[in-house]
Each structure stands twice: as C-alpha cells, then as structure tokens.
Amino acid sequence: MKSLAQRAASRLRRSLGGRDYDRFKGSYPDYDSALAAVGRERLAGYNHAAVAPVSYELMCRTELWDYPVLFWLERVLPDTNRIIDAGGHMGTKFRAFSSRLIFPESLDWAVCDLPEIVKQGRAQAEADGLSGISVHAGPEEIPPASVLLASGLFQYLDEDPGPYLKRFVSQPVHAVINKVATRDAEEVVTLEQFPGAEIPYRIRNRQVFERSLTDAGYTIIDQWEIASLSHTHPAFGKSTSRGYYCRLGS
C-alpha cells in the first residue's frame, strides 16, 4: 500500500499536470547557476554523446505544433536557396518536413547545433544517404540565408534571440520560431530531467523575449500558443509555449 506521503505526492503530480512535476527540478537565477546545480551522477547540459540521440525518432515526426511552422515555411521557402535550422538537432525537422513541403532543388538545409550533436548529425546524414542537408557547429560557419527556423531552441539557449540572430553572417529576413517557454512574470531557469542528464531550461519573460526580437529589427507578424507544451513548474506555476513568425524590417 502507498504511504500517506506517496498518495499526497500522487495527488500533487496530478494537480500539476502529471509528468511536469517530475520533468522539472529547482529554480535558479540564471543558466550558469542551473548548470552548476546538476548532480554529480548526471550529465550537465545537452552537449554529450549520450544525450544527443535522446528522443531522436520522436523528433523526426510531424506534430500538431509544427503546422504553424509549415504554414510559414511554405510561403517563404520558394524564395530562398538556404534555410538555417538553428538548434536543429540531427536534422530532425528536415526529415519530418521533407514529405510535407516542396523544397527548392538547390535548397541547403543548414542545421546549426552543439558539437556533439553536430558529430552525430553528420554521421546520421551520411548513414541515411541524405542530400540537401549540411550540419554546422556555430552561426558563424553558415553562409548567408534569408530564412531561419528555430524550433525548440530558445528554452535551452543561454542567449536572447536578438543577439543570437545577429551572430549569423547576415541576419535572416524571415525567422520562424517555435516552442518558446514563456511566462508573464520574471524569468525562471529550471532543470529539465533527461535520461542520465539534467538540462538548464529557460522559462522566459514573454515581454523581454519579444522586445529582444524587435530591438534586433524584427517585426512580429504572427504568433501562436501551444497548449500541449505549456508546462507547469511545481513552484512557479504554468508557463505558455509560444511560436512566432518574424520578418526583418517593418
């Protein structure tokens, strides 16, 4: 039989949205503080060979929250020969979207991610015999591109969107951003629980995030909420997952 404490914990998990209670741990003032709090027996951060393949097959699927992204990519891709997939893991969106979008023949799908993920991404692309995809370890490596996709990047990135977008050789004209964890109060950094690892996870202040985009010269043309990805932190309550389509200039 469950103890009173176990039953109380079960009720608390249900009231907080089930798996979210176990998914996030702690709250920290910044990214570095969260990283320093990772337990000794756990890997810290995403940049590890053992962490890179986690959920790879799931991420290669098209989910409901991808459809606003597909809507905007369908409109901007015909006018470009390169898309930057920032935080694109091992090319998962290239695989997910290749059957749902018509790519220009000369399109270079340029993935940008951490070194360990890049290493495995290149090996996986070669093993799969993929063409039309390149994998890079930093924004400065990628030739100019007019379109940027950042799906699931900014909750893990220790950088605001405006400065990050300015790091590319030239600022992308179109930015399609998805799965940004936001709240209307002060930012919270927590630790997301992965198998064998803990990853700093930023629940950003919405106004600060959007201001960073506009300060970098972008106009927010469209935005949407993703209810199924709007998680709950046990101490700070609900967050809202958001997506954006932004265009450089007015």
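The values are calculated or read from the model by the stated rules, or taken from the named source; none is laboratory data. All figures in this text were calculated on a predicted structure; none of them were measured in a lab. Quick reminder, even Gly has a Cβ in these numbers, built from the backbone with ideal geometry, and neighbours come from all protein chains shown.
The table that follows gives values for the structure above.
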quantity	calculated
Among the residues listed as 92, 80, the single one being closer than 19 Å to residue 229 by Cβ, among the polar types (S, T, N, Q) and buried (at least 17 other Cβ atoms within 10 Å of the Cβ)	92
Any hit, the stretch 208-229, residues being within 28 Å of residue 39 (Cα to Cα), in contact (Cβ under 8 Å) with a residue 40 or more places away in the chain and under 18 Å from the mean Cα position of the chain (by Cα)	yes
Failed condition for residue 40, given (1) part of a loop (DSSP other than H, G, I, E, B); (2) in contact with an Asp or Glu (Cβ under 9 Å, 6 or more places away or on another chain)	(2)
Leading residue by the ranking (modelled with the lowest pLDDT) among those in the stretch 45-104 that are aliphatic (A, V, I, L, M), within 23 Å of residue 139 (Cα to Cα) and not in a helix (DSSP H, G or I)	52
Matching residues, the stretch 160-179, being touching a Ser or Thr at 6+ places or on another chain (Cβ under 7 Å) and not small (Gly, Ala, Ser)	160, 161, 172, 173, 174, 178, 179
Condition met for residue 49 (in contact with a Lys or Arg (Cβ under 9 Å, 6 or more places away or on another chain), surrounded by 20 or more Cβ atoms within 10 Å (Cβ to Cβ) and closer than 16 Å to residue 199 by Cβ)	no
Odd one out for residue 185 among (1) in a strand (DSSP E or B); (2) more than 24 Å from residue 136 (Cα to Cα)	(1)
Complete set of residues in the stretch 184-243 that are β-branched (Val, Ile, Thr) and either surrounded by 15 or more Cβ atoms within 10 Å (Cβ to Cβ) or modelled with pLDDT under 95 (or both)	188, 189, 190, 199, 203, 226, 232, 240
From the options 104, 53, 68, residue that is touching a helix residue (DSSP H, G or I) at 6+ places or on another chain (Cβ under 7 Å) and over 15 Å from residue 124 (Cα atoms)	104
Which listed residue, of 167, 247, 204, 242, is of a type in the set (Lys, Arg) and not in a strand (DSSP E or B)	167
From 182, 190, 232, 214, residue being polar (S, T, N, Q) and more than 22 Å from residue 31 (Cβ to Cβ)	214
Pairs, first touching a residue at least 60 places away in the same chain (Cβ under 8 Å) and more than 22 Å from residue 75 (Cβ to Cβ) in the stretch 100-119, second of a type in the set (Val, Ile, Thr) and outside any strand (DSSP E or B), C-beta under 9 Å, six or more apart	116/51; 117/51
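Here is a yes/no grid of residues against (1) within 16 Å of the chain's Cα centre (by Cα); (2) assigned to a helix (DSSP H, G or I); (3) at pLDDT below 95:
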site	(1), (2), (3)
124	no, yes, yes
131	no, no, yes
145	no, no, no
157	yes, no, no
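For (1) of a type outside the set (Asp, Glu); (2) under 25 Å from residue 44 (Cα atoms); (3) surrounded by 14 or more Cβ atoms within 10 Å (Cβ to Cβ), each residue gets a yes or a no:
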{"site": "133", "(1), (2), (3)": "yes, no, yes"}
{"site": "138", "(1), (2), (3)": "yes, yes, no"}
{"site": "142", "(1), (2), (3)": "yes, no, yes"}
{"site": "145", "(1), (2), (3)": "yes, no, yes"}
{"site": "150", "(1), (2), (3)": "yes, yes, yes"}
{"site": "157", "(1), (2), (3)": "yes, yes, yes"}
{"site": "166", "(1), (2), (3)": "yes, no, no"}
